[in-house]
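Reviewing the structure listed below.
Throughout, read-outs are computed from the coordinates displayed, never taken from laboratory work. Here the structure is a predicted model, which means the values were calculated and not measured. We place every Cβ from the backbone using ideal geometry, glycine too, and count neighbours over all the protein chains shown.
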Amino acid sequence: MIQPPDIETLLLDDSFIQYCLGKADEATIRHWDAISNEHPDTVAHAREIIHGIYNWGASEELNLATDALRRQINQPARIYRIIKRVSVAAAVLLAAGISYKLLQPSAMITLSTAGSVKKIILPDSSVIWMNAKTTIQYSGRKIILKEGEIFCEVQHDVNNPFTVTTATGLKIADIGTSFQVRSYQALNEENVSVSSGVVMVKNQLLHQGEGMSVNKSTNQATLIAAEEVSWVQQKFVLNNVPLSQLLQSLQEQFHVRFITKQDNVLKCRVTVTFTTSDHISDILDNLNLIYGITYKIQQDEIILDGKGCN
């Protein structure tokens, strides 16, 4: 059995902080996952405090708070007296001069960097994977997807619902599941795909393997097969999707901007598989071969042309 950690040690450990904020590498994630499995209550408590501190002041203030904690933790007599009066978690916060109000729920905005996938671990151990150029706002188990694409692995709690709401107001309620939500301002459709379990969307239950596409202009919902959530592994599988959806993915992953000279080009529906290690010219060559779409690269802009589709 792994030696049980204490709250103070966890809060002063840089690798644990990175783990809580979804910024750790795979080896660090495996390390802390193992400790979390052995001591779930302690790790969950420490994670909640880390999220509270981070919500209060983002990364710069978190660094200042951590430095203050380190300075104070070197004064064991003082810390011991405080710990005798209040809980361990509150003592650590007070030692750094941080108000206990940080433990109260607050909203937080997280923006993923272009071309990267970010893993966020919530205090209840639910996991949110954020695709590139995705913005979410969350407080507790209420998630607002401002822009982009997320995949949620939810720890179900019948007394504390987990919900995702898009910028247009589309609401997805978890009933014990893992699911994907996509909502981009540049795309006219929002999409929900269920990988396991059940979710409720627009008063309709979606089960494993099922999905829903909602037209943002008409609010009309269409049942579809669930999409493969391969982007978490840096692989993208797009089956019979509008060309605009492919271009959105390519823009996020390769930091380029597309310009189309013919409207008919955007009428094409395409089936494409690519990874982040592929060269974008190889992907565009395949589009040209199969769909007759030509391209010209000018620095970070790509101009598309061709007869397009009817």
Spin-label pair Val232/Ala173, simplified geometry with 7 Å Cα→Cβ offset, distance in nm: 2.4 nm
Spatially proximal lysines relative to Lys142 (Cα-Cα < 18 Å; intrachain offsets below 8 disregarded): Lys119, Lys171, Lys202
Segment Thr276-Ser217, length gained on full extension (0.36 nm per residue, minus Cα span): 18.1 nm
Sequence ranges 281-294, 34-47, ranked by mean other-Cβ count within 10 angstrom, highest first: 34-47, 281-294
Label point 7 Å beyond Cα of Ala44 along Cβ direction - residues of segment 129-173 with amide nitrogen under 13 Å: 155-160
Eligible aspartates and glutamates near Lys133 by straight Cα distance, threshold 12 Å, same-chain separation 8 or greater: Glu147, Glu149, Glu252
Segment 222-238 - phi-based ³J(HN,Hα) in whole Hz, Karplus 6.51/-1.76/1.60, Gly and Pro as x: 10, 6, 9, 6, 5, 7, 6, 8, 8, 5, 4, 9, 6, 10, 10, 10, 10
Local electrostatic count at Val214 - Lys and Arg +1, Asp and Glu -1, tallied over other residues with Cβ under 12 Å: +2
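Compute the relative contact order of segment 108-225 as a whole-number percentage, counting only Cα pairs closer than 8 Å that sit 6 or more residues apart in sequence.
Averaging sequence separation for qualifying contacts and normalising by length gives 16 percent for segment 108-225.
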³J(HN,Hα), Karplus 6.51/-1.76/1.60, whole Hz, each residue of segment 19-36, x for Gly, Pro: 4, 5, 8, x, 10, 7, 7, 5, 5, 5, 4, 4, 4, 6, 4, 5, 5, 5
Sorted peptide list for 224-231, 257-264, criterion being average Cβ within 10 angstrom, highest first: 224-231, 257-264
Segment 193-304, relative contact order [Cα under 8 Å, separation at least 6], %: 20 percent
